[in-house]
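Just below is one structure, and these are the notes that go with it.
The values are calculated or read from the model by the stated rules, or taken from the named source; none is laboratory data. Worth saying up front: this structure is predicted, and the values here are computed from it rather than measured. Methodologically, a virtual Cβ is constructed for each residue, glycine included, from the backbone with ideal geometry; neighbour enumeration extends over all protein chains shown.
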Amino acid sequence: MPEYTTDYLRYWGDEWVARWSEGHWASENIARCTLQYLKIYANCDVCSGLSRSPSYRYRTERIFGVEWTPHEANGKTNYEVSCGFSELAWLESEWARVRLEKFEEPYWSNELIAEGQFMCGCISGTLFKMVLLIDWVEQRWDRMVDQVECLLMAYSEREAIIEEELERSA
C-alpha cells in the first residue's frame, strides 16, 4: 500500500491543524463520505472542476508530484495538469481507496479525518457543498429505514393475525 505525504495539511495554517486534531464523529463522517465520493466518482470532470481550487492544486503537487499550467480562455483561468485529468482521476480514486482502508485499521490517526476534511473543503469551494450532499444521502437513508420498519411492522401484524386465525380454527 503506498504511503502518501500529509505535509500539505499545513496549507490552511496551524490553527486549522490544531482544530482537526481534536476531531469528533461528525468530522469523521464527513471525511469518510468525502473519501467515498472520491473513490467512486473521481473522473476527468471532477478533477478539472477541482483544479480551480488553489488548495487542491497545492495538495496534488505535494501528494502526486504533478505540475499545473494555467491557461487563459475567455477571461477565465483554466489549469492543465502534467499527467492529464484521466490519470489524475485514477490517482485520486486510489488515494481515497487507501485512505478508506486505513480507516478500517484498529488504530488510525486523526490525519485521516483531516485529509477527508481538506478534500471536503476543496470540493465545497469548487463543485458543490459536500455537507449538503451528505445530509441529503442521510435523509434518504433515514426514509428508507423508516419504510423498511413499517413493512416489517405490517408483516409482523399480519403474521400475528394469521397465527390467531389458525389457533381459532384448530
Which numbered condition trips up Phe64, out of (1) closer than 20 Å to Val98 by Cα; (2) in contact with a Leu (Cβ under 6 Å, 6 or more places away or on another chain); (3) modelled with pLDDT under 85?
-> (3)
Unmet criterion (only one of (1) farther than 13 Å from Ser51 by Cβ; (2) modelled with pLDDT under 85; (3) aliphatic (A, V, I, L, M)) for Leu88 = (1)
With criteria (1) farther than 16 Å from Ser86 by Cβ; (2) β-branched (Val, Ile, Thr); (3) buried (at least 20 other Cβ atoms within 10 Å of the Cβ); (4) free of Cβ contacts under 8 Å to residues at least 40 places away in the same chain, Thr69 comes up short on (3)
